[in-house]
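Scroll down for the structure; my scribbles are underneath it.
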Amino acid sequence: MTGLGIFAEILTSAMIVLGAGFALVGSWGLVRLPTLMERLHGPTKATTLGLGGMLVGSVLFFQLDQGKWSAHELLISLFLFITAPIAANMIAKVHLHRLRARESNEIESPAGPPPPVPGDADWATFDAPRTDTPVATSET
Amino acid sequence: MIAYAVIFGFACLALALALNLWRLLKGPSVGDRIAALDTMVINAIAVIVLIGIAKANDTYFEAALLLAMVGFVGTVAYCKFMLRGDIVE
């Protein structure tokens, strides 16, 4: 085995172990943390980073160990890094909406309840658009 | 060495999926269940990628890419349904 071979193996193994560890930490955070707003931190940050690390490990494995160049793992990584914040934002909106509709109640936590919105509005889920806000850019 | 790393990864991801399942079954509110399902999809993608490494076969990445897209659409659809009572308005 050449020097590059053992180096490639160590690098690939490190990326796989790091990725799996971060995925586990994210899922543990989902179980461990007290309220939904805090629980969202685990999956959106740690698990996404874990999957990113595992995909980098996969790129390294196919490049260095198999000699095949493949970059479509990075496509998954890019797609996930774009979609994870949007999914987390939607889940947070569901939570705020259910808090507002009194369908669920926030238990005591270090972060506390979400802060009130300045002005007479609320965290909007059912609100109509404001009158001075264009609904679409075509109407400006 | 990669074989041991893959075994370690499978063990970690199995534990992570079990923790997600616990949150999915217990989760006090609907938001917790949506978050648990979203995380389960991400962990399932990681398992598929790891299977691809273990079998040294890059066909598995098509499945991982498809699951990434479908999982995101599923999460957003569930959230839209909870927010608006309808998915496509």
Task: Within the range A:26-100, chymotrypsin sites (Phe, Trp or Tyr not before Pro) in DSSP loop having at most 13 other beta-carbon neighbours inside 10 Å - done: A:69
TODO: Give the distance, in whole Å, between the Cα centre of the range B:33-49 and the Cα centre of the range A:1-78.
DONE: 14
Task: Zone of residue B:26's modelled label, taken as backbone nitrogen in the range A:30-50 under 12 Å from a point 7 Å along Cα→Cβ - done: A:30-35
Task: For residue B:15, net neighbour charge (Lys/Arg +1, Asp/Glu -1) across residues whose Cβ lies under 15 Å away - done: +2
Task: Cβ-derived FRET efficiency at R0 41 Å, residue A:70 paired with residue A:101, nearest 0.05 - done: 0.30
TODO: Assuming R0 = 30 Å, can you tell me the calculated FRET efficiency for the pair residue A:11 and residue A:41, based on Cβ-Cβ distance, to the nearest 0.05?
DONE: 0.55
Open item on the list: At a 10 Å Cβ-Cβ cut-off, how would you order A:41, A:97, fewest neighbours first?
Closed with: A:41, A:97
Open item on the list: Neighbour counts of other C-beta atoms within 10 Å: give me B:62, A:9, A:38 arranged from fewest to most.
Closed with: B:62, A:38, A:9
Task: Difference of contour (0.36 nm per residue) and Cα-Cα distance, residue B:15 to residue B:3 - done: 2.5 nm
Open item on the list: Quick check on the exposure proxy: order A:72, A:95 from fewest to most C-beta atoms within 10 angstrom.
Closed with: A:72, A:95
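Throughout, read-outs are computed from the coordinates displayed, never taken from laboratory work. Predicted model, so just to flag it, every value in this text is computed and none were measured. For neighbour counting, all protein chains shown are included, and Cβ atoms are generated from backbone atoms with ideal geometry for every residue, glycine included.
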